[in-house]
Amino acid sequence: MTSLQEAFTKARIQWDKLQDSKVPIFFVGAATCGRAAGASEMLERLRGYIKAKSVDALVIEVGCLGLCYLEPLVIVHKPGAPRVCYGNVGPDEIIAILENHVLGNDPCAQWALGKVTAGELEGIGDFNEHPMLRRQVRRILRNCGLIDPENSYHYLARDGYRGFLKALEIGPGKTLEEVKASGLRGRGGAGFPTWRKWQFCRNAPGETKYLICNADEGDPGAFMNRSLIEGDPHAVLEGVLIAGFTLGASQGYIYCRAEYPLAIHRLELAIGQMRELGLLGENIQASGFSFDLTIKKGAGAFVCGEETALIASIEGGRGMPRPRPPFPAESGLWGKPTVIQNVESLGNLPLILNNGAKWYAQYGSESSKGTKTFALAGKVERTGLVEVPLGITLKDVIYDIGGGIPSDKVLKAVQTGGPSGGCIPAEKMDLTVDYESLTEAGSIMGSGGMIVLDEDNCMVDIAKYFLSFTQEESCGKCPPCRVGTRAMLSILERISAGEGEMADLDKLETIAQTVKDGSLCGLGQTAPNPVLTTLRYFRKEYEDHIEKCRCPAFVCSQMISYHIDRDRCTGCGACARICPVKAISGEAKKPHVIDQHVCIHCGACLSTCPDVYAAVYRRSGELTRYEARREKRDKTN
Amino acid sequence: MKHILSQHLGKRSSLIPFLQDIQKEFGYLSTKAIDELSRSTDISANEIYGVATFYTQFRFSPPGEHTVRVCQGTACHVRRGRQILNEVEQQLKIKAGQTTEDRKFDLERVACLGCCALAPVVVVDDKVHARMTAKKISSVLSQYKGRQTRKK
């Protein structure tokens, strides 16, 4: 075991050497998303080239920089030049960068996103001035993409574990005060003040206490926690130590989804490194504080993100929630006081301790302090992982950071908070992102999923989508959730199949309210949110579906019919060949016809019809005047 | 099996890790494995099934050679992930949750794989295929269909 002080010194030296490295270094973003975008092939090619030509260069795999839409990303260090970040780097580009920039004199400005370090390089601006980064405040993600997540020295050199040492120095009482002063609220979604939860647990009688890190990021459309763990696992683990120390816990658990193999691997590595450094085990750093950590792999159940269900799952049973109170802070894992904290909440703790509560609270609104990470996805130009100060408006996130909606489409709504959240309509984009205002709008902050929807998204379909998710994931323990989600889903299915009635809307609202009020746990209590918000803001769209059998976004397939324009069709037969049910007939080189009774509304003909002819068209609900005229003419022909 | 059983003996809380290890080793939870587990842990087979069926990770029939998982997360859904699933279902001639007759492919739908920025995604075994389209999917699948691979 190396002493921590010794490790700090070594880490400093190693880090400084890396900064002024005399050999070129490639920092390749190889988190799950980077790999999905092709980083693995690129790495293979790069390593092969370096080996074959015996180039003196280092390759380091780092986490996610957050500009996921430009993956794979690489930061290149060339001795004597500023470091440059490149985007969309495939196997060919990386070799070109190596040959032209690193070994030659052309900095490959065409792929460059910006300079990461100071210095001049022709044609390349500052990376921090990149439109996606300019408005961001990267604190929790400060190390993601810049350090080697598998090398604890990198974390140590970037003020790692200083926050924990500070906590040891000032003691648990003052640590709690500091966290209270920072105004940190739980980042899992509900926004419960962290210090208050801790206070409950500290005051609860009993010697044995537990801390659980909730890394069961189950919300579809959210990947903040995965990125943080993959890119900077020690930041989360330091937070675990700080929380464990403040609570007087002796054992911690990390409950991580099994769907995140890389995150689990990096956590395992990092925990091993902590043991090496004397940061886990008996009497840590001679402070008298003993603490150990175990990773528990989830087995695929969304409801296990709920505190009491998560506890039941760790105890080895079916992951079903139980009524609260007693709250886990009083009686949790094996009946002992337990605090469950989200990954990001924990990731904030080292920052608060190291820089002080005042520094932390610089950003944020009155009631929501600090920064928050969001997984920006859906119909937005620049998708990725962003970190913004709380209190920023939705408009700023979507347009300034996200770059607006692609292909000149119109923004329709933003979905926050996953299945527990709701859809905020385009006219409310001036809303500030904080716990209160999002709740007021009928949604929730949630853990940080932010999905942008455009005119091509049907709101009935979105509500149906979330309901089918919660209905499937409902554990079935309490009837309001078990029966209510199913009842709501069947109404939504009816509406989207064109068989709805106007009375269904009131029925939906009544059931939604009952499920909200009567469910046992957070899953059921929030499950109606997608329905309630879409009904509140997009009632017209529901009415269109019911009264006119019309889906304005052309999503609900039962309401769309496909037709062939006789004047444009040349009879090439492409549509007839692709049609899976052989609904299209016609002689060669003569206009074809779709048999509406056979058609399954899959839309294959529409996407296959060559652009030059564009003979296949679709419609939903009432006919336009033009279509009505054509229909009439078709009949007389 | 013995090796797995010796690893986390005793604690009730080890039940899920047990099941995970068994599935990792054998690919699924066979009746025999559960019986054996029940005998050596003193947890009734009923109770083990109760826990195992609660979680989507566990399967009770042998898996196919390749597992195709089509993401149906929100980001994938709004980028027409459903169409991708339909297309895969058509091509493999099975529904989600089933295995092809030749035991070559398993098809699963998953809630979210956390690659939302690259939506829609399809994962075959451990390889993530990003920005999928109905057209791209057949070339992805054919990579895994034995014959075509050998030809290349």
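The values are calculated or read from the model by the stated rules, or taken from the named source; none is laboratory data. Please read these numbers as outputs of a predicted model, since none were measured by experiment. Methodologically, a virtual Cβ is constructed for each residue, glycine included, from the backbone with ideal geometry; neighbour enumeration extends over all protein chains shown.
Details
- Of the residues making up segment A:79-93, none is in contact with a His (Cβ under 7 Å, 6 or more places away or on another chain) and more than 22 Å from A:Tyr155 (Cα to Cα).
- Tally, over segment A:346-367, of residues that are buried (at least 24 other Cβ atoms within 10 Å of the Cβ) and not aromatic (Phe, Trp, Tyr): 7
- Complete set of residues in segment A:345-359 that are over 21 Å from A:Phe200 (Cβ atoms) and within 23 Å of the chain's Cα centre (by Cα): A:Gly347, A:Pro350, A:Leu351
- Test: residue in segment B:88-97 that is within 11 Å of chain A (Cβ to nearest Cβ), part of a helix (DSSP H, G or I) and in contact (Cβ under 8 Å) with a residue 24 or more places away in the chain: yes
- Segment A:488-507: number of residues that are among the hydrophobic types (A, V, I, L, M, F, W, C) and either within 29 Å of the chain's Cα centre (by Cα) or not in a helix (DSSP H, G or I) (or both): 5
- Test: residue in segment A:606-614 that is touching an Asp or Glu at 6+ places or on another chain (Cβ under 8 Å), at pLDDT 90 or above, exposed (fewer than 15 other Cβ atoms within 10 Å of the Cβ) and over 25 Å from A:Asp454 (Cα atoms): no
- The requirement of being surrounded by 19 or more Cβ atoms within 10 Å (Cβ to Cβ), in a helix (DSSP H, G or I) and of a type in the set (D, E, K, R) is fulfilled nowhere in segment A:1-22; no residue meets it.
- When residues of segment B:17-75 are limited to those that are among the charged types (D, E, K, R) and assigned to a helix (DSSP H, G or I), the one farthest from the other protein chains (Cβ to nearest Cβ): B:Lys32
- With respect to (1) touching a Cys at 6+ places or on another chain (Cβ under 8 Å); (2) at pLDDT 90 or above; (3) farther than 30 Å from A:Ala487 by Cβ; (4) among the small types (Gly, Ala, Ser), the lone exception for A:Gly518 is condition (3).
Here's the yes/no breakdown for (1) assigned to a helix (DSSP H, G or I); (2) within 14 Å of chain B (Cβ to nearest Cβ):
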{"site": "A:Ile271", "(1), (2)": "yes, no"}
{"site": "A:Asp292", "(1), (2)": "no, no"}
{"site": "A:Ala299", "(1), (2)": "no, yes"}
{"site": "A:Arg322", "(1), (2)": "no, no"}
{"site": "A:Pro325", "(1), (2)": "no, no"}
{"site": "A:Glu330", "(1), (2)": "no, no"}
{"site": "A:Leu346", "(1), (2)": "yes, no"}
{"site": "A:Leu351", "(1), (2)": "yes, no"}
{"site": "A:Gln362", "(1), (2)": "no, no"}
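- Options A:Glu230, A:Glu238, A:Glu276: the member that is crowded, with 23+ Cβ neighbours inside 10 Å and either away from chain B (no Cβ under 14 Å) or basic (Lys, Arg) (or both): A:Glu238
- Scanning segment A:78-124 for residues that are under 22 Å from A:Asp20 (Cβ atoms) and within 27 Å of the chain's Cα centre (by Cα) yields a total of 7.
- Scope segment A:502-523; condition within 17 Å of A:Ser443 (Cβ to Cβ), buried (at least 21 other Cβ atoms within 10 Å of the Cβ) and without any contact (Cβ under 8 Å) to a residue 60 or more places away in the chain; matching residues: A:Ala512, A:Val515
- Subset tally (residues that are more than 23 Å from the chain's Cα centre (by Cα) and of a type in the set (D, E, K, R)) for segment A:271-328: 8
- Considering A:Ala301, A:Ala258, A:Ala309, the condition of being closer than 22 Å to B:Thr41 by Cβ, of a type outside the set (Ser, Thr, Tyr), in contact with a Gly (Cβ under 8 Å, 6 or more places away or on another chain) and buried (at least 19 other Cβ atoms within 10 Å of the Cβ) is satisfied by A:Ala301 alone.
- Pick from segment B:110-139, criterion in contact (Cβ under 8 Å) with a residue 24 or more places away in the chain and closer than 15 Å to B:Gly64 by Cα, ranking: surrounded by the most Cβ atoms within 10 Å (Cβ to Cβ): B:Val123
- Close pairs (7 angstrom Cβ cut-off, 6 or more residues apart or separate chains): farther than 13 Å from A:Leu237 by Cα in segment A:150-168, assigned to a loop (DSSP other than H, G, I, E, B) and among the polar types (S, T, N, Q) anywhere: A:Arg158/A:Asn143; A:Leu168/A:Ser287
- If the condition is being buried (at least 18 other Cβ atoms within 10 Å of the Cβ) and more than 19 Å from A:Glu436 (Cβ to Cβ), then segment A:173-193 contributes A:Thr175, A:Leu176, A:Glu178, A:Val179.
- Residue list for segment A:194-223, filter: buried (at least 24 other Cβ atoms within 10 Å of the Cβ), more than 14 Å from every other protein chain (Cβ to nearest Cβ) and either free of Cβ contacts under 8 Å to residues at least 24 places away in the same chain or touching a strand residue (DSSP E or B) at 6+ places or on another chain (Cβ under 6 Å) (or both): A:Cys201, A:Leu211, A:Cys213, A:Asn214
- Exactly one residue out of A:Ala249, A:Ala309, A:Ala222 is of a type in the set (Gly, Ala, Ser), at pLDDT below 90 and in the same structural domain as A:Lys209 (by TED's automatic domain parsing), and it is A:Ala222.
- Residue list for segment A:145-172, filter: touching a Leu at 6+ places or on another chain (Cβ under 7 Å) and either closer than 22 Å to A:Gly244 by Cα or surrounded by 19 or more Cβ atoms within 10 Å (Cβ to Cβ) (or both): A:Gly145, A:Ser152, A:Tyr161, A:Gly163, A:Phe164, A:Lys166, A:Ala167
- Some residue of segment A:94-106 being among the β-branched types (Val, Ile, Thr) and touching a Cys at 6+ places or on another chain (Cβ under 7 Å): yes
- B:Arg103 vs. criteria among the charged types (D, E, K, R) and either in the same structural domain as B:Leu15 (by TED's automatic domain parsing) or surrounded by 14 or more Cβ atoms within 10 Å (Cβ to Cβ) (or both): no
- Matching residues in segment A:41-74 - criterion: being assigned to a strand (DSSP E or B) and either farther than 20 Å from B:Leu118 by Cβ or within 14 Å of chain B (Cβ to nearest Cβ) (or both): A:Leu58, A:Val59, A:Ile60
- Scanning segment A:52-67 for any residue that is over 21 Å from A:Leu18 (Cβ atoms) and either crowded, with 21+ Cβ neighbours inside 10 Å or in contact with a Cys (Cβ under 8 Å, 6 or more places away or on another chain) (or both) turns up at least one such residue.
- The lone exception for A:Cys33 - which of (1) modelled with pLDDT under 90; (2) in a loop (DSSP other than H, G, I, E, B) it fails: (2)
- Single match in A:Glu93, A:Glu122, A:Glu99 (criterion: assigned to a helix (DSSP H, G or I), surrounded by fewer than 16 Cβ atoms within 10 Å (Cβ to Cβ) and modelled with pLDDT under 95): A:Glu99
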